[in-house]
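The values are calculated or read from the model by the stated rules, or taken from the named source; none is laboratory data. Keep in mind it's a predicted model, so treat the numbers as computed, not measured. Using ideal geometry, Cβ is built from the backbone for each residue, glycine included, and neighbour counts are taken over all protein chains shown. Keep in mind that these areas ignore ligands, DNA and RNA; they rest on the heavy atoms of the full protein, side chains included. Shrake-Rupley method; radii C 1.70, N 1.55, O 1.52, S 1.80 Å.
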Amino acid sequence: MTIASDNAEFDKNARRDIHTLTRKELGELLSSLGQPAFRAKQVEEWVWSKNARSFDDMTNLPKALREQLADRLTIAAVEEAARQSSADGSRKYLLRLSDGVTVECVGMPSKNRLAVCASTQAGCAMGCAFCATGGAGLTRSLTDVEIYEQVMHVRDDFGERVTSVVLMGQGEPFMNYDATLAALRRLNSPDGAGIGARHLTVSTCGVIPQIMRFANEPEQFTLAVSLHSAIQRTRNALMPGVRKYSLVNLYDAMGTYVSKTGRRPTYEYALIGGVNDTDAELQALCDFCEGTLAHVNLIQLNEVEGSKLRPSTPARAEDFVRALGRVGVEATVRLSRGADIDAACGQLKQRLAKGRSAK
């Protein structure tokens, strides 16, 4: 898009969100308003680093310029629709986007660190049996700005710098690949959130073509794969959305990923009592991981209302850690955060919807 000198494309009836402007477009607009080149840097800092919610916030800009920008542009900002706070300090948010669609994200503080779990889609089409989001289906994919804004909302609410982000919330990031990568790059950029690439993690159900694409990206972003079973029949039942990507092909793809990047991926494994925590499942997991560069993250299943699936026991999780360790694979049991709130993706939205329908 080229910005005409008369700013016809920025009339009040067709105002664009300032987040959608490229650096070139912003520079052209400011130049057409008679502003010096350094103004673009100032505006970008307010938009991306300071997360300004209105042009009036941009206090180092002349008032006349702020008014001109407000006449021509909008600043889309997420709105907090609901929040839950845990005794452990975690906070879960239901955020409303500009079109009324809602998504969930979580902030998890720990000492001098703040981790954020963000969503890449509103809802999800993958249909995983243990996921509250999957049961509701996919509403739409998010833009890179909407992904980024979740992180900034958490940052501003805590008043602390975000030190790591996992795209492990609602949705399958690799079914929204371009927006996911754009958000990661903005989170990594010193002109954005300035978070180190290795502290930015994408969690996928195992969409093999996009894993291969991700392996060729130049950044050092981290990859996690939701495995949940190394037996094809069990995995198909738990994760129907990726049944076309066989475990054999996933194994080969992950080998290629490690060879190309030199980075160690994580396998996420939610232990489900009587389903994927049996001796046969444990042996299959050990066989899948043995001799590879991988870390296994064992997760306590979040119980979803209406689901018959139940979490395994802590003792069984330790059995998995020991067995994997014997074949040279590092495994840890993920510390459960927010156990006293609606921890699973989709649960806060569902609770809010039920509360409204009950009125």
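Data for the structure
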read-out: Neighbours by Cβ (under 6 Å, 6+ apart or cross-chain): first from region 308-332, in contact (Cβ under 8 Å) with a residue 12 or more places away in the chain; second in a strand (DSSP E or B) and among the polar types (S, T, N, Q); value: 311/300
read-out: Check on residue 174, at pLDDT 95 or above, assigned to a helix (DSSP H, G or I), in contact with a helix residue (DSSP H, G or I) (Cβ under 7 Å, 6 or more places away or on another chain) and aromatic (Phe, Trp, Tyr); value: yes
read-out: Residue that is least open to solvent (accessible area, probe 1.4 Å), among those in region 205-220 that are free of Cβ contacts under 8 Å to residues at least 40 places away in the same chain and not in a loop (DSSP other than H, G, I, E, B); value: 210
read-out: Residue within region 221-234 that is open to solvent by 10 Å² or more (accessible area, probe 1.4 Å), of a type in the set (A, V, I, L, M, F, W, C) and either within 30 Å of residue 19 (Cα to Cα) or in a loop (DSSP other than H, G, I, E, B) (or both) present; value: yes
read-out: Scope region 283-306; condition crowded, with 19+ Cβ neighbours inside 10 Å and in a helix (DSSP H, G or I); matching residues; value: 284, 285, 286, 288, 289
read-out: Unmet requirement for residue 278, which otherwise passes all of (1) touching a residue at least 12 places away in the same chain (Cβ under 8 Å); (2) surrounded by 15 or more Cβ atoms within 10 Å (Cβ to Cβ); value: (1)
read-out: Residue that is farthest from residue 285 (Cα to Cα), among those in region 235-252 that are of a type in the set (Gly, Ala, Ser) and part of a helix (DSSP H, G or I); value: 241
read-out: Output for region 114-142, where each listed residue is in contact (Cβ under 8 Å) with a residue 40 or more places away in the chain and not small (Gly, Ala, Ser); value: 114, 116, 117, 120, 121, 124, 126, 128, 130, 131, 133, 142
read-out: Region 31-42, subset without any contact (Cβ under 8 Å) to a residue 24 or more places away in the chain and more than 21 Å from residue 182 (Cβ to Cβ), residue most open to solvent (accessible area, probe 1.4 Å); value: 38
read-out: Condition check for residue 110: of a type in the set (Ser, Thr, Tyr) and under 17 Å from the mean Cα position of the chain (by Cα); value: no
read-out: Test: residue in region 253-273 that is without any contact (Cβ under 8 Å) to a residue 60 or more places away in the chain, in a helix (DSSP H, G or I) and touching a Leu at 6+ places or on another chain (Cβ under 6 Å); value: yes
read-out: Region 84-102, subset in contact (Cβ under 8 Å) with a residue 60 or more places away in the chain and in a strand (DSSP E or B), residue surrounded by the fewest Cβ atoms within 10 Å (Cβ to Cβ); value: 85
read-out: Any hit, region 43-55, residues being more than 22 Å from residue 144 (Cα to Cα) and surrounded by 14 or more Cβ atoms within 10 Å (Cβ to Cβ); value: no
read-out: Residue check for residue 259: over 26 Å from the mean Cα position of the chain (by Cα) and either open to solvent by 60 Å² or more (accessible area, probe 1.4 Å) or modelled with pLDDT under 95 (or both); value: no
read-out: Any hit, region 321-338, residues being modelled with pLDDT of 90 or more, open to solvent by less than 50 Å² (accessible area, probe 1.4 Å), over 28 Å from residue 120 (Cα atoms) and basic (Lys, Arg); value: no
read-out: Cross-chain or 6+ apart pairs with Cβ under 7 Å, region 160-184 first and closer than 22 Å to residue 51 by Cα and open to solvent by 40 Å² or more (accessible area, probe 1.4 Å), then of a type in the set (Phe, Trp, Tyr) and assigned to a helix (DSSP H, G or I); value: none
read-out: Criterion (in a strand (DSSP E or B) and more than 25 Å from residue 52 (Cα to Cα)) met by exactly one of 202, 106; value: 202
